[in-house]
Amino acid sequence: MKLTHPLSIALFAGGLAALATFFLSAGAENSPKVQTSNANIETAIFAGGCFWCVESDFDKVDGVLETVSGYTGGNSTNPTYKSHTKDGHLEAVRVVYDSSKVEYGELVDYFLRHIDPTDDGGQFCDRGNSYRTAVFVENDEERAEVEAQFSAIDQAGILPAPIVTRVLDEVTFYEAEGYHQNYYQKNPARYKLYRVGCGRDKRVAQVWAREGNS
């Protein structure tokens, strides 16, 4: 096609620019949001029941740069939402954070206070192994930090039962399907209906109610 008229050339150029923008945007959506070259940027993995809710909670923390829903801890590779339960994976969230703004121990503390760490059968209305809670640790230092916090809380007697949240070594983390990422932002009405209906916040408040009296 030969273009000679100035308006035709402008329209054609605009179309190319729009097309380029589309592909760049699509690529950006599927690429990591955070550059991890900064020495202060680290990751942590938590399983706390529904990963939509865990994402939503951690996104409120100053210093958290990105949250990613996924599956981990099972006995298969490349699990999907349909297969992860039978393959033994947990719903989990990878938290990318700036350690100069928030420390690992603070993330662990925050995580515990937004789950029911005394429930070994799932979380709230979601039952079964895939919804059990766990902290996946990368090294001995992280394990020591998590276990120390668990021990301090149990000794303080502020929970209605001992902590049963597991401390597991990190294994491969598989990102969940795109429609699960930032679900609470993409589908706010449905997310709110689910969270309230599942009784998550109400139960968390009950479990931690005695902390103020310790």
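Brief remarks on what is shown
- Unique residue being within 18 Å of the chain's Cα centre (by Cα), within 18 Å of R195 (Cα to Cα) and in a loop (DSSP other than H, G, I, E, B) when the list is P117, P79: P117
- Residue match in segment 161-172 (condition: touching a residue at least 60 places away in the same chain (Cβ under 8 Å) and β-branched (V, I, T)): yes
- Residues that are farther than 19 Å from D120 by Cβ and touching a strand residue (DSSP E or B) at 6+ places or on another chain (Cβ under 8 Å), drawn from segment 88-109: V93, R94, V95, V96, Y97, D98, S99, V102, Y104, L107
- Only one of V68, V137, V108 that is closer than 18 Å to N182 by Cα, surrounded by 15 or more Cβ atoms within 10 Å (Cβ to Cβ) and β-branched (V, I, T): V68
- Within segment 131-182, being over 18 Å from V68 (Cβ atoms), in contact with a helix residue (DSSP H, G or I) (Cβ under 8 Å, 6 or more places away or on another chain) and polar (S, T, N, Q) holds for Q149, T165.
- Residues that are part of a helix (DSSP H, G or I) and either in contact (Cβ under 8 Å) with a residue 60 or more places away in the chain or closer than 13 Å to I45 by Cβ (or both), drawn from segment 120-142: Y131, E142
- D98 being surrounded by fewer than 17 Cβ atoms within 10 Å (Cβ to Cβ), under 23 Å from D201 (Cβ atoms) and of a type outside the set (K, R): no
- Consider segment 140-170 and keep the residues that are among the aliphatic types (A, V, I, L, M) and in contact with a strand residue (DSSP E or B) (Cβ under 7 Å, 6 or more places away or on another chain). The one that is surrounded by the most Cβ atoms within 10 Å (Cβ to Cβ) is V146.
Bear in mind these aren't lab numbers, they're just calculated from the coordinates by the rules spelled out. The structure displayed is predicted, hence computed values, not measured ones. Please note: Cβ atoms are built from the backbone with ideal geometry, for glycine as well, and neighbour counts cover all protein chains shown.
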